[in-house]
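Participant: One structure, as C-alpha cells, below. Some questions next.
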Amino acid sequence: MKPTPAFAITVLLIVLLTFGACCSALGEPEYDNPVVYQRADPWIHKADCGTYYFIATVPEYDRIEIRTAETINGLSEAESVVVWRRHESGPMTYNIWAPELHRMNDTWYIYFAAGHSDDRWRIRMFALSNTADDPTEGTWIEEGQIYTDRDAFALDATAFEHKGELYYVWAESTDPDINSGLLISKMQDPVTLTGPQVVISEPEYEWERHTYNVNEGAAVIKRNGRIFITFSASATDHTYAMGLLWADEDSNLLDPDSWNKLPEPVFYTNEEVHRFGPGHNSFTIAEDGKTDLLVYHAREYKETEGHSLGDPNRHTRVRVLHWDDEGFPDFRQEMGD
C-alpha cells in the first residue's frame, strides 16, 4: 500500500518528538524556549545512557529538585522530584541557590549554596551525595559544608576533571569591596579542597560592577586545547551578563597568570530579542551526541518590582554553542533565544 501524505507527516512528527529537537535550516538542533519556566541557574547533566537530568534554583529558594527526560524539550513537562529540603534552623536554612549535579566515582554529588537562620546572607557552599544509579532515587546524604580558607560569602561551585586531577571553581568574597571573585583549587575528593585556593578573576570592568561587584556562576568547557570558564557579573537584573576566561590545557591552572580574560562581556541583554540579564549558564551536549549546547537563564522583560531576586521569572533556555575559526566559543549575541 502506498503511504499517504498524512501518514508521512505523522511519521516525521514522531521522529522529531523522539529526538526532542527540531532542526534549523543549517541542520542544528533547536529547542522550545523557554525550556523550563521560573528556573534560574540551570544545570543539565547528560548521562552516558543519554538521559538528561535537570537541576536549578527554584523561586522559593527552599528545596532542591531534579527532573529527568530522554530529550531536552522533554524536561519542560517532566515531573520535578524533590530530593532535599532546607533545614528549619542553623546552616542550610535560607537562600538555597544554584545546585549543580555531578557524577564522580560512581556517586552523584550536588553542590549548592545556602544561608544560615541567624543570617540568611551568611552564604556558604555545601554538598550532598547519593550512590544510587538514578539521582531521583536512593538516599541523599548531607556531606556538610565545603570549607574554604577565607570562610567568607561563597557560592556557585562547580567541579571538573583535567589530566587525572579534580578541580573546584567557585565564587567568594575576596575583599571588603568585592562581593565575589572567582577562585580555583584542586580537590582531595569531591567534597574536600586541598589548595592552594587561587583567585583567577575579580570584577574589574564597568560591565562587571553594575550595582554589585560580582563574578559568579562559573561553568567549564574544555575544547580546542583550552579550558574555558564562563562566568556572570553585576546584579541579577537586566545588567547581568556573561564573561569569558580561558587557559591553555597544558598550563598550570593554579597559576593566575595562566588565565586570560576578555575585557568585554560575551553574552548580555538584547532588547530586540527580549532577552534580559542572561547568565549563570552551564553546558551540555545535544541529542546527537556531538553538538555543544549553552544552557542559561534570562528574563523576557527589563523592569522588575522590588529586588530582582524576588522576581521569579528567570527562565531556563537552551541554544547551540557555536565555535569560531580560532577555536573560541561564539555566543552569537544578536541571535534570538
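Participant: Would you please name the residue that is surrounded by the fewest Cβ atoms within 10 Å (Cβ to Cβ), looking only at residues in region 60-108 that are in contact with a helix residue (DSSP H, G or I) (Cβ under 9 Å, 6 or more places away or on another chain) and closer than 26 Å to Phe153 by Cα?
Facilitator: Looking at the filtered set, the residue picked out is Tyr61.
Participant: Determine whether region 83-98 contains at least one residue that is among the small types (Gly, Ala, Ser) and under 22 Å from Tyr37 (Cα atoms). Steps first, please.
Facilitator: Just the residues of region 83-98 that are among the small types (Gly, Ala, Ser), to begin with: 89-90, 98.
Filter once more, so that each one left must be under 22 Å from Tyr37 (Cα atoms): 98.
Yes, some residue in region 83-98 is among the small types (Gly, Ala, Ser) and under 22 Å from Tyr37 (Cα atoms).
Participant: Residues that are surrounded by fewer than 22 Cβ atoms within 10 Å (Cβ to Cβ) and of a type outside the set (A, V, I, L, M): find the strands (runs of 3 or more DSSP E) completely inside region 158-266 holding 1 or more of those.
Facilitator: Values: elements: 165-172, 181-189, 198-201, 215-223, 226-233, 241-248.
Strands (runs of 3 or more DSSP E) meeting the threshold: 165-172, 181-189, 215-223, 226-233, 241-248.
Participant: Next question. Restricting to region 267-288, name every residue that is under 16 Å from Leu75 (Cα atoms) and crowded, with 19+ Cβ neighbours inside 10 Å. Give the steps one after another, and end with the answer.
Facilitator: First, pick out the residues of region 267-288 that are under 16 Å from Leu75 (Cα atoms): 282-287.
Those that are under 16 Å from Leu75 (Cα atoms) and crowded, with 19+ Cβ neighbours inside 10 Å: Ser282, Phe283, Thr284, Ala286, Glu287.
Participant: What residue, among those in region 289-316 that are surrounded by fewer than 16 Cβ atoms within 10 Å (Cβ to Cβ) and not in a loop (DSSP other than H, G, I, E, B), is farthest from the chain's Cα centre (by Cα)?
Facilitator: Looking at residues that are surrounded by fewer than 16 Cβ atoms within 10 Å (Cβ to Cβ) and not in a loop (DSSP other than H, G, I, E, B), I get Gly310.
Participant: Next question, about the same structure. Taking region 52-93 as the search range and keeping residues that are in a loop (DSSP other than H, G, I, E, B) and touching a residue at least 40 places away in the same chain (Cβ under 8 Å), which one is nearest to Asp151 (Cα to Cα)? Working first, answer last.
Facilitator: Filtering region 52-93 down to residues in a loop (DSSP other than H, G, I, E, B) leaves 58-62, 70-72, 77-80, 86-93.
Adding the requirement that they be touching a residue at least 40 places away in the same chain (Cβ under 8 Å) leaves 59, 70-72, 91-92.
On the way: Pro59: 26, Glu70: 40, Thr71: 39, Ile72: 37, Pro91: 14, Met92: 15 Å.
Filtering region 52-93 for residues that are in a loop (DSSP other than H, G, I, E, B) and touching a residue at least 40 places away in the same chain (Cβ under 8 Å), the one nearest to Asp151 (Cα to Cα) comes out as Pro91.
Participant: Here are some conditions: (1) within 18 Å of His45 (Cα to Cα); (2) surrounded by fewer than 18 Cβ atoms within 10 Å (Cβ to Cβ); (3) out of contact with any Ser or Thr (no Cβ under 9 Å at 6 or more places or on another chain). Arg319 meets all but one. Which one does it not meet?
Facilitator: Result: Arg319 passes all but (2).
Participant: Restricting attention to region 113-156, and to residues there that are within 15 Å of Ile96 (Cβ to Cβ) and basic (Lys, Arg), which single residue is surrounded by the most Cβ atoms within 10 Å (Cβ to Cβ)?
Facilitator: Among those that are within 15 Å of Ile96 (Cβ to Cβ) and basic (Lys, Arg), it is Arg124.
Participant: Then there is this: What about Ala21, is it under 20 Å from His322 (Cα atoms), at pLDDT below 95 and in contact with a Phe, Trp or Tyr (Cβ under 8 Å, 6 or more places away or on another chain)? Give the derivation first.
Facilitator: Values: under 20 Å from His322 (Cα atoms): yes; at pLDDT below 95: yes; in contact with a Phe, Trp or Tyr (Cβ under 8 Å, 6 or more places away or on another chain): yes.
It is true that Ala21 is under 20 Å from His322 (Cα atoms), at pLDDT below 95 and in contact with a Phe, Trp or Tyr (Cβ under 8 Å, 6 or more places away or on another chain).
Participant: Shifting gears a bit: Thr136 - would you say it is closer than 15 Å to Tyr109 by Cα and modelled with pLDDT of 95 or more? Please lay out each step first, then the result.
Facilitator: Working: closer than 15 Å to Tyr109 by Cα: yes; modelled with pLDDT of 95 or more: yes.
Against the criterion (closer than 15 Å to Tyr109 by Cα and modelled with pLDDT of 95 or more), Thr136 qualifies.
Participant: Quick one: which of Ile66, Ile72, Ile44, Ile9 is at pLDDT below 95 and either under 30 Å from Ala235 (Cα atoms) or of a type in the set (Val, Ile, Thr) (or both)? Write out each step before concluding.
Facilitator: On the way: Ile66 fails: at pLDDT below 95; Ile72 fails: at pLDDT below 95; Ile44 fails: at pLDDT below 95.
The match here is Ile9.
The values are calculated or read from the model by the stated rules, or taken from the named source; none is laboratory data. Worth saying up front: this structure is predicted, and the values here are computed from it rather than measured. No Cβ is skipped: glycine too gets one built from the backbone with ideal geometry, and neighbour counts run over all protein chains shown.
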